Amino acid sequence: MVGTFLASTPLLKEAWRLCIATDKMGCGGFMAKQVRGVGYVAFSGVQELLVPGWDPNFGMLAPLDAAGHGLFAHLTCRYDGEEPVMVHSGVLHLFLHHHHSRLDFQSQIRSLLAETKSIVITGHSIGGSIAFLTGLWLLSYLKSIFSPFSVLCIGFGSPFLGNGSLSRAILRERWGGNFYNVVSTHDIMPRLSLNQSLVQTSVWHFLVRFWHTCKMYLSSMNSANLQLTEEDKARLFSLVVEDMERLAQAGEDSGGRSFWPFGNYLFCSNEGTICLDNAVSVNKMMHLMLRTGSPNCILEEHLKYGQYVERLSRQSLKRSIMERDLSESSYEASLSMALNSSGTYRQVLIAPMAKDCLKMGRRMGRTPNLNAANLAVRLSKITPYKAEIEWYKACCDKSEEQRGYYDSFKQRGASKREFKINMNRFNLAAFWDNVIHMMDRNELPHDFHRCSKWVNASQFYKLLVEPLDIAEYYRLGKHLEKGHYRSNGRERRYEIFDWWWNERVVGEELGNRRTKNASLTQDTCFWARVEEAKEWLDKIKSASDPKELAFLRDRLDEFEAYAMKLVEGKEVSADVLAKNSSFSSWLEEWRALKLNRTGLNRLFQAGSQGD
């Protein structure tokens, strides 16, 4: 479908035409222009990064945060334990050179943003990797200003850009459909990690010089100019096949410090075109298609994308005619067509593996959605647990003891009611911990956290249950062993749910100022703050050091100001203001101490005399 779409538009042809033009411009070429209402930005595939003499560290993966200035704010690492988002340090260096050092770069892109409604960013070889990174920067910028501007990135034979964390971050942002890497059957460049162990070899030096010369001077495309022996070509080809085999055998959990594909891969052969968007399937297909080639294919395959682009429309028409003669089911027919288009169907050993790879891509694409559907059913089944806790809160708020929800649970006895509520707390925690576990294992859609149903459900759970978790933490005295809840006891699920909520669709109208107290306190760590403030109040009564006294007084004043802001904004529920709640007791005691200036000053004077 993607191949048919791209073949029916001038996007690929125009993108490739501009790639050729920028390649002729030589090292570091860059072009931005408008064609029939569409903005195009193209980067040359002739780059100093690919030749000897470059910094060896440029072959390493570097954290995307190293770009600074919040250029990629939406792609930073989110979860504890997740590898940071990393990209090829050399490509990042080249992008930053354009962004910071070339005055025409940002001005021309701003001009296209003002004059068009969509931009296509493209490049051949390493130029495509720079284009992808530019696309990520532009998408991050457009998201920050809430712009619906359309961005499409097309790379031709572009090497790997980043690690698995980058791939997952792009999927979480729903940007996977913005990236297309056109890969020919036997091109070794898109199958390379471009690390220093390869780039510093003489074989690579000769090959890159040949490619650069051919790109800049098309008339010189003669393999006689390539100073490589048959043994050199065989060694290089074998190296790439082995690297791709290792990558194809690795799963998505192979580690965050390895290069990994992202977006859509449009595989082109003499027989047709197929498109895959599952990273594991992409790796396997790149390996299988390369195995159908030979060492001689490394010479000109990287330079043949113009021919593949020209064939696309004719091949699409040919396949639509062939489809009428297929008597199989629609699924089997599509598999047969895709297998034919991959150019692997004639290979007795490879064809079955290629077919399994295509099936796996479809199966793996569906499983996360099925898991999410099953979770939705389970979510409905835990509703009674939440309802019982809500009922318990309402009872506490109306109780004659006037202790409120938090303190009633913290000071509970051995009643059946509290036991049932505590079990409900455990059951809800188990459900949501399982959700997080499934996300960690990539068993749910990458944009799962953006579904309003799950964002709202997790937020309500956090507002309702976290106060009970805090109460239990201090009831059992865990703060004496581990430290206070906020820094040492908070469960990871709550931190993740904070991120989900903060990343929800921005721009929603939040309504007018509250006219009555919230049903649930909006700061779910409020009671943990109260417990810390209670400790400060106890310490200030016995402290003698003036510096410590001043520190404690400042902390107490800050918390009082924060708490009263929530109260005045009616962002706390009734239990916070209950007559006998721990917050009301703390506030009364602190204000009494402040009003008794003689007593408070005596503390400071005693501290000064002791000093």
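The values are calculated or read from the model by the stated rules, or taken from the named source; none is laboratory data. Predicted model only: the values in this text are computed from it and were never measured. Cβ placement follows ideal geometry from the backbone for every residue including glycine, while neighbour counts extend to all protein chains displayed. We work out accessible area using only protein heavy atoms, side chains counted, and drop any ligands, DNA or RNA first. Shrake-Rupley method; radii C 1.70, N 1.55, O 1.52, S 1.80 Å.
Annotations for the structure displayed:
- Peptides 421-433, 120-132, 98-110 ranked from most to least packed, by the mean per-residue count of other Cβ atoms within 10 Å: 120-132, 421-433, 98-110.
- FRET efficiency estimate (nearest 0.05) - Cβ-Cβ, residue 394 to residue 416, R0 22 angstrom: 0.80
- Using only side-chain charges placed at the Cβ, +1 for Lys and Arg and -1 for Asp and Glu, the dipole size of region 77-156 relative to its Cα centre rounds to 260 debye.
- Taken per residue, the accessible surface of region 509-590 reaches 54 Å², heavy atoms only and a 1.4 Å probe.
- Here the extension length gained between residue 25 and residue 97 equals 24.2 nm, from 0.36 nm per residue of separation less the Cα-Cα distance.
- Note on residue 516/residue 475: beta-carbon distance plugged into 1/(1 + (r/R0)^6) with R0 of 22 Å gives a FRET efficiency of 0.15.
- Region 90-151 pair-distance distribution - Cα-Cα, 10 Å bins, rounded %: 21, 56, 22, 1
- The length gained by stretching the chain between residue 359 and residue 235 to full extension, at 0.36 nm per residue less their Cα-Cα distance, is 41.4 nm.
- Förster radius 35 Å - calculated FRET efficiency between residue 487 and residue 592 (Cβ-Cβ, nearest 0.05): 0.75
- Given 386/482; 24/304; 33/143; 386/416; 410/594, the pairs whose alpha carbons are separated by over 25 Å: 386/482; 410/594
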